[in-house]
Amino acid sequence: MGFQIVVLWSDLLVWLLLVTGVAVGVLIARTPALLAAWRRVGRSRAGMASATVLLLFLLVGLLDSLHYRPALAGKPGDKAQYSIEVLSALDALAGPLRTENEKTYSAPLATRLYAKETVERPGVGTLREFPRLKFGGAHLGEREAEAAVDIAFRAFRGAAIGFLVWLAVAGASAAAVGGWQKIRRRETVFAWDAVLLTLLVLCLTLGPLFALAGHYHVFGTDKVGQDVLYQILKSVRTALIIGLVTTLVMLPMAVLLGIVAGYFRGWIDDLIQYVYTVLNSIPGVLLIAAAVLMMQVVIDTHPQWFATAAERADLRLLALCFILGITSWTGLCRLLRGETLKLRELEYIQAAQAFGVSSGRIIGRHILPNVMHIVIIALVMDFSGLVLAEAVLSYVGIGVDPTMTSFGTMINNARMELGREPVVWWSLIAAFVAMFILVLAANLFADAVRDAFDPRAA
């Protein structure tokens, strides 16, 4: 089976951000002041524990950003035809989760549907019962009563495999830094004890999870029988794009206008203040809703622009990122303006102006490096807010495309499930817990970055 590589615009931005991150890392390694600040981040146990969790989410997002279209079966010699469905490397790795769909709701680790159906039993007649699932626990056959024992055995085996993986990683790490004693006594420049402890928790959690996922629906299924664990994995990429790409859109405008307003003052400062004051006076949700709805009209009236539904959903996602970026730059701009107003009055800036140094050179050499700590702190802290914003917007129907899975669409779809009897609770809880872990990790990492880059804490 062949395939055709598909490159979405969001994929390009994701990998561009990754390359940019590597380039920034090289720059940091060559800049002593930045390197010292990031070493303080590395010594933070909470920061490194949260960074380990964020790297796991990032890995899932990167796997979901490698897209392709599988080839359709055809006669030998015919021209290759490709499916209209766009898949990713994550879909290929999580094949059973994607394809093994049930009829409707099933509870976590269940072997039967959550709703009764009328069935005909030979010699018995018509009965109302909970039908067996097509895939969840199907390997048990007639031994359905042994499901609890089978689940416990598979979970234990997965935990054991996870522990062995952790031992291999921990052993390699200890050998690299000079032994377990250095890690235990915290004598390393990097908080390896926090990283290894977090990895242990992840291995002992994910090991049983993946060991069970191939035979059971670990987090249950939704109304159309789709695996909830698969939906969570697909939602990670959407959350990362919303947080990272929106930051990419917001950053240049906020940095440029904030520094220019604070440095030049006068009518330029008044004009920029007027722009972001007017923008802040407009209710953000209404502005975003209007922009998203107008963008949706453009998408609906030009179906010829898109070869697949994934490309259409991707354009709406990018449009949402740009809209959020345009409406969220004002806070950072105000912070940079205030800091620049203070910096321009310092003696070495006044001396540079007196010697006739150009404004562009002063901004590039003296102002920008001294406000970068504010930029880094604001960007890291804004990430979690943007992830939550997507969830809220998708909940009210003005977020990502309905065909795209996100934490917001999962919560929105679970809204009506809470009103049925019996209550279907697992979709909402699973989405909430996954988003909570992502946002909590981002916030803890942001706190570590803030403490490391804040000059008052140095």
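The values are calculated or read from the model by the stated rules, or taken from the named source; none is laboratory data. Everything numeric here is computed off the predicted structure, so don't read it as measured data. Here the Cβ is made from the backbone with ideal geometry for all residues, glycine too, and neighbour counts use every protein chain on show. Just so you know, the surface numbers come from the protein's heavy atoms only, side chains and all, with ligands and any DNA or RNA stripped out. Shrake-Rupley method; radii C 1.70, N 1.55, O 1.52, S 1.80 Å.
Taking the 1.4 Å solvent-accessible surface of the chain as the whole, the part contributed by carbon and sulfur is 68%. Placing +1 on the Cβ of every Lys and Arg and -1 on the Cβ of every Asp and Glu, with no other charges, gives region 171-249 a dipole of roughly 200 debye about its Cα centre. Angle check, please: helix 309-327 long axis (alpha carbons) against the longest principal axis of the chain (alpha carbons), in degrees 0 to 90, nearest 10. Between the helix axis and the principal axis of the chain, the angle is about 30 degrees. The chain: Rg/Rh from Cα coordinates, Kirkwood Rh? Result for the chain is an Rg/Rh of 1.03.
Each residue of region 33-41 was assigned a 3J(HN,Hα) from its phi angle through the Karplus curve 6.51 cos²θ - 1.76 cosθ + 1.60 (θ = phi - 60°); the sequence is 5, 5, 5, 5, 5, 6, 5, 5, 4 Hz, with glycine and proline shown as x. Take the alpha-carbon centre of region 194-210, take the same for region 12-28, and report the distance between them in whole Å. Each part reduced to its Cα centre gives a spacing of 27 Å.
So if the hydrodynamic radius of region 109-205 is defined as the Kirkwood radius over C-alpha pairs, what does Stokes-Einstein give as its diffusion coefficient at 4 °C and 1.567 mPa s, in µm² per second?
Translational D for this selection: 75 µm²/s.
The angle between the Cα long axis of helix 9-30 and the longest principal axis of the Cα atoms of the chain comes to about 50 degrees, rounded to the nearest 10.
What does the charge dipole of region 103-143 about its Cα centre add up to, to the nearest 20 debye, if the Cβ of each Lys and Arg holds +1 and the Cβ of each Asp and Glu holds -1?
It comes to approximately 80 debye.
Tell me the relative contact order for region 1-109 as a rounded percent, counting alpha carbon contacts under 8 Å between residues six or more apart.
On the way: 82 pairs, mean separation 35.6, N = 109.
Across region 1-109, relative contact order equals 33 percent.
Amide H contacts under 5 Å for VAL6: HIS67, TYR68, ARG69, restricted to partners 5 or more places along the chain or on a different chain, H placed in the peptide plane at 1.01 Å from N.
From the alpha carbon centroid of region 232-297 to that of region 142-180 is 45 Å. For LYS103, the lysines whose Cα falls under 20 Å of its own Cα, not counting residues fewer than eight places away in the same chain, are LYS116, LYS134, LYS223.
Counting only alpha carbon atoms, the long axis of helix 368-395 and the longest principal axis of the chain meet at about 30°. Largest first, the three principal axis extents of the alpha carbons in region 301-458 are 75, 44, 20 Å in whole numbers. Label region 380-458 by shape, choosing from rounded, prolate and oblate, from the square roots a ≥ b ≥ c of the eigenvalues of the Cα gyration tensor; if a/c is under 1.5 it is rounded, and otherwise prolate applies when a/b is larger than b/c, oblate when it is not. Taking the square roots of the gyration eigenvalues as a ≥ b ≥ c, region 380-458 is prolate. Computed packing ranks the peptides 20-32, 243-255 as 243-255, 20-32, most packed first, by mean other Cβ atoms within 10 Å. Cα centroids of region 374-401 and region 82-100: 27 Å apart.
Remark: accessible surface ordering of ASP451, ASP314 (largest first) is ASP451, ASP314, probe radius 1.4 Å. Panel note: the C-alpha atoms of region 55-143, placed on their principal axes, show extents of 53, 44, 22 Å (largest first).
For the chain, the longest stretch holding no GluC sites (Glu not before Pro) located in a DSSP loop with at most 15 other Cβ atoms within 10 Å is which? All intermediate terms of the calculation are to be shown ahead of the outcome.
Numbers: sites that count: GLU85, GLU142, GLU187, GLU345.
Here the longest segment lacking exposed loop sites spans 188-344.
Here the contact order of the chain, divided by its residue count and restricted to Cα pairs under 8 Å and six or more residues apart, works out to 20 percent. Around the amide H of ASP64, modelled in the peptide plane, lie the amide H atoms of LEU90, all under 5 Å away and 5 or more residues distant in sequence or on another chain.
Calculated mean residue ellipticity at 222 nm for the chain: -22000 deg cm²/dmol, from DSSP H runs with n ≥ 4 weighted as -39500 (n - 2.57), summed, divided by the residue count and rounded to 500. Listed peptides 147-154, 439-446 appear in the order 439-446, 147-154 once ranked by packing, highest mean of other Cβ atoms within 10 Å at the front. Computed over region 169-280, the range of Cα coordinates on each principal axis works out to 64, 53, 16 Å, biggest value leading. The string of couplings for region 46-60 from the Karplus curve (6.51, -1.76, 1.60, θ = phi - 60°) is 5, x, 6, 5, 5, 5, 4, 5, 5, 5, 5, 4, 5, 4, 4 Hz, one whole number per residue in order, with x for Gly and Pro.
Across region 256-266, computed HN-Hα scalar couplings (Karplus, 6.51 cos²θ - 1.76 cosθ + 1.60, θ = phi - 60°) run 4, 5, x, 5, 4, 5, x, 7, 8, 6, x Hz from first to last residue, x flagging Gly and Pro. With the whole protein complex present, PHE3 retains an accessible surface near 120 Å², based on a 1.4 Å probe.
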